[in-house]
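Working notes, beginning with the structure itself.
What follows draws every value from the coordinates through simple rules; no lab data is involved. Bear in mind that the values here come from a model prediction, so they are computed numbers and not experimental data. As a convention, Cβ positions derive from the backbone with ideal geometry for all residues, glycine included, and neighbour counts pool all protein chains shown.
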Amino acid sequence: MTDQTPTSHLQSFSRAIADLVERTAPCVVAVHSHRSRASGFFWRPGLIVTADETLAEEGEIAVILQGGERVAATLVGRDPTTDVALLRTDRNLPKPKLDSANAVAAGSLAIVVGSDAGAATAALGVVSRAGDKWQSLRGGSIDARIELDANLRRSAEGGLAIEPAGGVIGMAVFGPRRRVLVIPTTTIDRVAAKLESHGRIARGYLGLALQLVRVDGGGVGAMVTSVDAKGPGVAAGVRQGDVIVAWDGQPLQGIRALLGALGPDSVGAVARLSIKRGGEPRDIELAVGERPEG
C-alpha cells in the first residue's frame, strides 16, 4: 500500500472540483439584458431561473448556452423580494437536480458555477453562515440563511451553488455590501412555480404609508402618514395620524416586521389592527388587499 503525497492529494482534489464544474456547466447559461451580464440555470424544460436584480427593467433578453450559442428569451415573471426571476426560451437542455439531501453547515465547501458568454466560471468558497428561515429587506420569505465566503465575479450572479457531492444548494446572489448569499432550492421551486403559473407573486397591501414612531409606555408603532383613497385601509376606517401598535394581538416590532406579515398568504385575510387615535385605543378589522403592480 502506497501513501499518497500531499501533492497527489491536491491533484485529486483539483480534479474532483474540475469534474464537478464540468458536469454542472451544461445546466448553466449566461444571461444578457440591457447593460447587464449574469448567469442562470435551467429549472424546467424551456424555463431558466436567474437573479432578478441582474435583469434590466426593459429591453431584450438573451441567454448564451455553453459553447456560445445565443438564444432569445422572454420574461415569465420576477419577484424582487426573493431575487428570483423566470425566463422562457425554446431550448430544452439539462437541468440540475434541486433536491440536495446534504445539510448545509458552516465551514463546508461550496462551488459557484456561472457562465461568462458561454464559458463556465467557477468560484470556490466556504459556507460562512447557515441558519434558519429569514426575511429579505424587501419582505420576501427565504427558507434558509446561507452565506458564502467566496470571491464571486459579477457575471456569476444567478449561477448555481453546489456542495462537493454535487448536490445543488441554491442560486448565488449578492446581498448588502456584496456579501454572497444563496437563495435555497426550496425557495426557488416555490417562487418559480408561482411565477410560471401567475407571472408574479401576490403581496398583501394595506394602502397605507407608515412611519415608525415611539409610543407611550415603551415600544414602537407605525404612524399612518397617508391613506390610499382606493385602498383597504380607507375601507376599514383607518385615518391619517392613526398609530398602529399591534397586529392580530401581537405588539408591533417595526415597520419591516409589519410588511413581512403581508406575504402571499395574507391576501384576502382579515387582520385586527390595534391602533391609537388621539391617544385613545381602538381595534379595526382590515381585509388585506393585493398590492397593485408597478
- Rounded to whole Å and sorted largest first, list the principal axis extents of the Cα atoms in region 204-290. 33, 23, 19
- For the chain, the longest principal axis of the Cα atoms and the Cα long axis of helix 6-24 enclose an angle in degrees, to the nearest 10, of 60 degrees
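Using R₀ = 51 Å, calculate the FRET efficiency as 1/(1 + (r/R₀)^6) where r is the Cβ-Cβ separation of Ile255 and Asp90; round to 0.05.
With R0 = 51 Å, the Cβ-Cβ based efficiency is 0.70.
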- Task: Note the angle between two axes, namely the Cα long axis of helix 185-198 and the longest principal axis of the Cα atoms of the chain, as a number of degrees from 0 to 90, rounded to the nearest 10.
- Result: 70 degrees
- Take the alpha-carbon centre of region 178-200, take the same for region 102-125, and report the distance between them in whole Å. 18 Å
- Note to self, the chain gives a 222 nm [θ] from helices alone (DSSP H runs n ≥ 4, -39500 (n - 2.57) apiece, / all residues, nearest 500) of -4500 deg cm²/dmol
- Net charge near Glu147, counting Lys/Arg +1 and Asp/Glu -1 over other residues with Cβ under 9 Å of its Cβ? +2
- So how long is each side of the chain along the principal axes, counting just the alpha-carbon atoms, biggest first, in Å? 82, 45, 29
- Lys pairs in the chain with Cα under 27 Å (8 or more apart in sequence, or on separate chains) total 7
- Query: Per 5 Å bin, what is the whole-percent P(r) computed from every C-alpha pair distance within region 21-60?
  - Reply: 6, 23, 28, 23, 14, 5, 1
- Query: How high is the relative contact order of the chain, given as a whole-number percent (alpha carbon pairs under 8 Å, six or more residues apart)?
  - Reply: 14 percent
- Task: Mind sorting Leu208, Leu124 by how few other Cβ atoms lie within 10 Å of their own Cβ, fewest first?
- Result: Leu124, Leu208
- Query: Could you give the distance between the Cα centres of region 271-294 and region 202-265, to the whole Å?
  - Reply: 6 Å
- Note on the structure: So for R0 = 41 Å, FRET eff. of Trp134-Gln11 from the Cβ-Cβ r, to 0.05, ends up at 0.55
- Output for region 75-221 (equivalent-ellipsoid semi-axes, sqrt of 5λ from the C-alpha gyration tensor, Å, descending) is 30, 21, 14
